[in-house]
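Student: Take a look at this one; I'll ask things after.
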Amino acid sequence: MDPFSTAAGLAGAIRARELSAVEALDATLARVAQVNPQINAIVALDEERARAAAADADAALARGDQAGPLHGVPMTIKDSWETEGLVTACGAPELAQHVPAADAPAVARLRAAGAVVFGKTNTPLMAMDVQAYNAVYGTTNNPWNLERTSGGSSGGACAALAAGLTPLELGSDIGGSIRTPASWCGVYGHKSSYGVVPQRGHIPGPPGALGEPDLGVAGPLARSAEDLDLALRLVAGPDRWDARAWSLELPAPRASALRDFRVAAWLDDASCRVDDAVRERHEALVEALRGAGVQVDTEARPALSLDDAVSVYLPLLGAAISAGLPPELYDGLVELVAASDPQEDSPMIGYARVLTISARDRAFMNEWRQQQRAAWSDFFERFDVLLTPVTPVPAIPHDHSSPMPMRTVTVNGQARSYLDLFSWIAPATGSLLPATSAPVGLTADGLPVGIQIVGPHLEDRTPIAFAKAIAEVAGGFTAPPAYAAA
């Protein structure tokens, strides 16, 4: 079995009896045993139950029964999603023995479609970093360069996909947690429109929480855009209470042929300069698109600046995640802000301010967010997709120094705030828009670069379709050389 098969391709092979579900699982587990120790992407296995599920899938197929489009396909799940009977720690020592009694709805929908869940993939502590490391399971390495991070918080998921350890993953994204690791590992990831996929059963919040946090979404990760589209349609839809009154049908893509898309590109900005290594790949993509007959407008923008988007997103993010902070940490941040000079703008003070935003200020930010959403709606009357960077840099070296806001990243030889890693994901996240990360080539140092494809609200299948179309000119997924022949 090709370890880099797509989920759809593998499902088709199982349906055609070219291999069995048991054989697919055995081959996958053998590769995990061989490759995973170097990468540490998969941190918990459920082999016995997975083998039983694969055998059941084969028996059902022999009877002429089929569970769904993923019948017999082995896959992993990001360890922030609760999985029935399989530990869900989200990197937190206090949850190291947490074994949920039920699947999160999104996980249950994948199982109902026939997926065989065999393991969990690594995250940062409580999914709150753009690097995947924690005291429970350790550090996940990037398959393209083990000295660099795979990203976060879906870092284990994306590393596993890139190394051929799983054909499909379920990620989550509130701070680029799907898009950043997808870009840094050279795979595909889709941040869905807010509310399209239930968040129940996701950590954080704490196990058993029923609230839907602002900004946070679920979305698929894969090695092809076709798999993104397949998986999104499987997991999308209302949660149990809302299903009494409404259903969801995602609109068809606005176009399918590459030259039929109306494309704008926002590839750099004075408020968050992009490293030349990333910008060169994006500019090469624009030239390739134009060479294929696509008209790309590199001057068009929604009626807001990148600073505007970040200024709304970060306080809303702080409000969304602050409830999950330990009381002593939150109280310390409140004291830090109270003691600071109102004019101080250091990364640490800025971080503390957004995490302690008042309810009154959050209401103001929400209104500003709605104004920005209106600007995006107007923009997408003229364009189908907007291309932007995912982050200003390719995958960074491991850096676990603390406190996190005081870290730096290097952009064109200059040290910049670590928080700049959140700037380019801010517009889509803050305005609740769908966005797809698609691989568009490698830097001169051999690191993957992704492009962020932002689409209209609830038209998730449009940026995914564009991601599929640009594979014609950008090449799509390629395996990391060290693991391509492993």
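The values are calculated or read from the model by the stated rules, or taken from the named source; none is laboratory data. Being a predicted model, the structure only gives us computed values, none of them experimental. Cβ coordinates were reconstructed from backbone atoms using ideal geometry, including for glycine residues, and neighbour counts include every protein chain displayed.
Yes/no matrix, rows are residues, columns are (1) touching a Lys or Arg at 6+ places or on another chain (Cβ under 7 Å); (2) surrounded by fewer than 16 Cβ atoms within 10 Å (Cβ to Cβ); (3) part of a loop (DSSP other than H, G, I, E, B):
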site	(1), (2), (3)
L285	no, no, no
A288	no, no, no
L304	no, no, yes
A309	no, no, no
A319	yes, no, no
A323	no, yes, no
E328	no, yes, no
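The rows are residues; the columns are (1) more than 21 Å from A428 (Cα to Cα); (2) small (G, A, S); (3) at pLDDT 95 or above.
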| site | (1), (2), (3) |
| --- | --- |
| A288 | yes, yes, yes |
| G291 | yes, yes, yes |
| S305 | no, yes, yes |
| Y313 | no, no, yes |
| L317 | no, no, yes |
| P327 | yes, no, no |
| L336 | yes, no, no |
| M365 | no, no, yes |
| R369 | no, no, yes |
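Student: Now for a separate question. Please identify the pairs in which a residue from the range 38-67 that is closer than 28 Å to C90 by Cβ has its Cβ atom under 6 Å from the Cβ atom of a residue that is of a type in the set (F, W, Y) and assigned to a loop (DSSP other than H, G, I, E, B), counting only partners at least 6 apart or on another chain.
Tutor: Listed by first residue and then by second, the contacts come to V43/Y137.
Student: Okay, next question. Take L386 and decide whether it is in a strand (DSSP E or B) and not acidic (D, E). Please lay out each step first, then the result.
Tutor: Details: in a strand (DSSP E or B): yes; not acidic (D, E): yes.
Yes.
Student: Could you list, in sequence order, the residues of the range 413-432 that are touching a strand residue (DSSP E or B) at 6+ places or on another chain (Cβ under 7 Å) and either surrounded by fewer than 24 Cβ atoms within 10 Å (Cβ to Cβ) or among the charged types (D, E, K, R) (or both)?
Tutor: Of everything in the range 413-432, those that are touching a strand residue (DSSP E or B) at 6+ places or on another chain (Cβ under 7 Å) and either surrounded by fewer than 24 Cβ atoms within 10 Å (Cβ to Cβ) or among the charged types (D, E, K, R) (or both) turn out to be A415, R416, S417, Y418, D420.
Student: What about T478, is it under 21 Å from G152 (Cβ atoms), touching a residue at least 60 places away in the same chain (Cβ under 8 Å), of a type in the set (S, T, N, Q) and not in a helix (DSSP H, G or I)? Explain how you work it out, then say what you get.
Tutor: Working: under 21 Å from G152 (Cβ atoms): no; touching a residue at least 60 places away in the same chain (Cβ under 8 Å): yes; of a type in the set (S, T, N, Q): yes; not in a helix (DSSP H, G or I): yes.
The answer is no for T478.
Student: Something else about it: With respect to R259, is the statement that it is in a helix (DSSP H, G or I), basic (K, R) and closer than 17 Å to R109 by Cα true? Steps first, please.
Tutor: Numbers: in a helix (DSSP H, G or I): yes; basic (K, R): yes; closer than 17 Å to R109 by Cα: no.
So R259 fails the test.
Student: Which condition breaks for V409 when tested against (1) closer than 29 Å to T139 by Cα; (2) touching a residue at least 60 places away in the same chain (Cβ under 8 Å); (3) of a type in the set (V, I, T)?
Tutor: All conditions pass for V409, except number (2).
Student: Continuing with this model, one more query. Got a sec? Which helices (runs of 4 or more DSSP H) wholly within the range 1-87 have at least 1 residues that are among the polar types (S, T, N, Q)? Quick ask: steps written out before the conclusion?
Tutor: Values: elements: 7-15, 21-39, 47-62.
Per the criteria, 21-39.
Student: When H202 is evaluated against the numbered criteria (1) under 25 Å from V473 (Cα atoms); (2) crowded, with 22+ Cβ neighbours inside 10 Å, which criterion, by number, is the only one it fails?
Tutor: (1)
Student: A further question on this structure: Would you point out which residue out of P181, P167 is under 23 Å from R461 (Cβ atoms), buried (at least 24 other Cβ atoms within 10 Å of the Cβ) and in contact with a Cys (Cβ under 6 Å, 6 or more places away or on another chain)? I'd like the intermediate steps shown before the answer.
Tutor: Numbers: P167 fails: in contact with a Cys (Cβ under 6 Å, 6 or more places away or on another chain).
Going through P181, P167 in turn, the sole match is P181.
Student: Scan S5, S20, S80 and give me the residue that is more than 22 Å from Y137 (Cα to Cα), of a type in the set (S, T, Y) and in contact with a helix residue (DSSP H, G or I) (Cβ under 7 Å, 6 or more places away or on another chain). Show your work before the answer.
Tutor: Values: S5 fails: in contact with a helix residue (DSSP H, G or I) (Cβ under 7 Å, 6 or more places away or on another chain); S80 fails: more than 22 Å from Y137 (Cα to Cα).
Result: S20 is the single residue among S5, S20, S80 that is more than 22 Å from Y137 (Cα to Cα), of a type in the set (S, T, Y) and in contact with a helix residue (DSSP H, G or I) (Cβ under 7 Å, 6 or more places away or on another chain).
Student: Here is a further query. Please specify each residue of the range 97-121 satisfying the condition of being within 20 Å of the chain's Cα centre (by Cα), over 11 Å from W81 (Cα atoms) and part of a loop (DSSP other than H, G, I, E, B).
Tutor: Matches in the range 97-121: A115 only.
Student: Could you tell me which of the residues A435, A467 is crowded, with 24+ Cβ neighbours inside 10 Å, closer than 22 Å to G291 by Cβ and within 16 Å of the chain's Cα centre (by Cα)? Walk me through how you get there before you give the answer.
Tutor: Values: A435 fails: closer than 22 Å to G291 by Cβ.
Going through A435, A467 in turn, just one is crowded, with 24+ Cβ neighbours inside 10 Å, closer than 22 Å to G291 by Cβ and within 16 Å of the chain's Cα centre (by Cα): A467.
Student: Confirm whether T76 is closer than 22 Å to P3 by Cβ, at pLDDT 95 or above, surrounded by 24 or more Cβ atoms within 10 Å (Cβ to Cβ) and of a type in the set (S, T, Y).
Tutor: Numbers: closer than 22 Å to P3 by Cβ: yes; at pLDDT 95 or above: yes; surrounded by 24 or more Cβ atoms within 10 Å (Cβ to Cβ): yes; of a type in the set (S, T, Y): yes.
Criteria met by T76.
Student: May I pose another question? Quick one: which residue in G138, G186 is on the phi > 0 side of the Ramachandran plot, in contact (Cβ under 8 Å) with a residue 24 or more places away in the chain and surrounded by fewer than 24 Cβ atoms within 10 Å (Cβ to Cβ)? Reasoning before the result, please.
Tutor: Values: G186 fails: surrounded by fewer than 24 Cβ atoms within 10 Å (Cβ to Cβ).
Among G138, G186, only G138 is on the phi > 0 side of the Ramachandran plot, in contact (Cβ under 8 Å) with a residue 24 or more places away in the chain and surrounded by fewer than 24 Cβ atoms within 10 Å (Cβ to Cβ).
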